[in-house]
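The values are calculated or read from the model by the stated rules, or taken from the named source; none is laboratory data. These figures come from a predicted structure and were not determined experimentally. Please note: Cβ atoms are built from the backbone with ideal geometry, for glycine as well, and neighbour counts cover all protein chains shown.
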């Protein structure tokens with residue numbers, strides 16, 4: 001999609017056109033605007049005259065002005081077309097900005113998808129930002145997105161969580177982030193009424209919660225959130241996986 005507007009640097013224009021007559025300024029402006037629209041200009045005097053709406057009676061004058069004055073303001077590129085260097089620079093910067101904004105939009109959508117479907121935490125978000133090829137990913141295909149998340153999160157677990165496994169076990173800790181800690185015995189208490197998945201999902205929600213700095217007990221906070229999300233159920237209704245802890 002083409003830009004509906006362009007950046008126009010007034011000081012640069014005034015300096016570049018100082019001393020030019022009105023008709024030359026008008027033709028020059030038309031050529032610059034067409035370069036913004038087309039990317040480059042044809043290297044043919046008749047085509048250029050057509051772009052500038054030059055009348056038949058003005059053609060000889062246009063040709064003279066272009067050869068003597070305006071031609072110096074354009075360079076021939078590798079494809080044999082004409083480009084004004086300043087306009088080319090503006091176009092390139094604009095393309096870089098749009099590409100960067102587009103990439104930021106893709107990353108934002110990808111992360112929101114991960115939070116919604118996989119409840120990813122902040123560390124996982126940073127890992128995904130560094131290890132996903134956002135330029136070539138198809139955001140419209142949910143199955144592809146889910147597959148990417150499964151592969152990358154498995155890689156994250158292999159590269160990160162295993163490193164801290166021994167340390168966490170030594171400290172008798174099940175989950176730890178920022179100033180909050182859930183000990184294994186506290187996890188076992190929660191496990192009486194809730195499944196490991198339910199507990200892990202709530203822990204991830206708390207970790208992603210912006211105001212979690214207000215909490216002092218991860219156990220009490222988790223218990224409160226679990227009751228709110230799943231109710232204060234009876235322990236007999238829970239069927240746990242065989243391997244709750246490694």
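With surrounded by 13 or more Cβ atoms within 10 Å (Cβ to Cβ), touching a helix residue (DSSP H, G or I) at 6+ places or on another chain (Cβ under 8 Å) and at pLDDT 90 or above as the only criterion, which of 176, 129, 183 stands out?
Numbers: 176 fails: at pLDDT 90 or above; 129 fails: surrounded by 13 or more Cβ atoms within 10 Å (Cβ to Cβ).
Selected residue: 183, the only one of 176, 129, 183 that is surrounded by 13 or more Cβ atoms within 10 Å (Cβ to Cβ), touching a helix residue (DSSP H, G or I) at 6+ places or on another chain (Cβ under 8 Å) and at pLDDT 90 or above.
Looking at (1) at pLDDT below 95; (2) touching a strand residue (DSSP E or B) at 6+ places or on another chain (Cβ under 7 Å), which is the one condition that is false for residue 41?
That leaves (1) as the condition not met.
Taking the stretch 187-205, which residues are in a helix (DSSP H, G or I) and surrounded by 20 or more Cβ atoms within 10 Å (Cβ to Cβ)? Outline the logic, then answer.
To start, the set of residues in the stretch 187-205 that are in a helix (DSSP H, G or I) comprises 187-191, 196-205.
187, 190, 199, 202, 203, listed by residue number.
If you go through the stretch 83-96 one residue at a time, do you hit one that is over 28 Å from residue 14 (Cβ atoms), at pLDDT below 95 and either loosely packed, with under 11 Cβ neighbours inside 10 Å or assigned by TED's automatic domain parsing to the domain that holds residue 178 (or both)?
The answer is no, given that none of the residues of the stretch 83-96 is over 28 Å from residue 14 (Cβ atoms), at pLDDT below 95 and either loosely packed, with under 11 Cβ neighbours inside 10 Å or assigned by TED's automatic domain parsing to the domain that holds residue 178 (or both).
So residue 210 fits all but one of (1) in a helix (DSSP H, G or I); (2) surrounded by fewer than 16 Cβ atoms within 10 Å (Cβ to Cβ); (3) at pLDDT below 90; (4) under 35 Å from the mean Cα position of the chain (by Cα); what number is the exception?
Tallying (1) in a helix (DSSP H, G or I); (2) surrounded by fewer than 16 Cβ atoms within 10 Å (Cβ to Cβ); (3) at pLDDT below 90; (4) under 35 Å from the mean Cα position of the chain (by Cα), residue 210 fails exactly one: (1).
For residue 146, work out the one condition from (1) assigned to a helix (DSSP H, G or I); (2) modelled with pLDDT under 90; (3) surrounded by fewer than 16 Cβ atoms within 10 Å (Cβ to Cβ) it doesn't fulfil.
Here residue 146 meets the rest and fails (2).
Scan the stretch 1-34 for residues that are loosely packed, with under 10 Cβ neighbours inside 10 Å and assigned to a helix (DSSP H, G or I) and jot them down.
Looking only at the stretch 1-34, we keep the residues that are loosely packed, with under 10 Cβ neighbours inside 10 Å, and these are 1-2, 4-5, 10-11, 14-15, 18-19, 22.
Within the stretch 1-34, 10, 11, 14, 15, 22 qualify.
Could you go through the stretch 97-120 and let me know if any residue there is in contact with a helix residue (DSSP H, G or I) (Cβ under 8 Å, 6 or more places away or on another chain), outside any helix (DSSP H, G or I) and farther than 29 Å from residue 5 by Cβ. Please lay out each step first, then the result.
Start the filter on the stretch 97-120 by keeping residues that are in contact with a helix residue (DSSP H, G or I) (Cβ under 8 Å, 6 or more places away or on another chain), which leaves 103, 106-107, 110-111, 113-115, 117-120.
Okay, now just the ones that are also outside any helix (DSSP H, G or I), so 119-120.
Keeping just the survivors that are farther than 29 Å from residue 5 by Cβ gives 119-120.
Yes: the stretch 97-120 contains one or more residues that are in contact with a helix residue (DSSP H, G or I) (Cβ under 8 Å, 6 or more places away or on another chain), outside any helix (DSSP H, G or I) and farther than 29 Å from residue 5 by Cβ.
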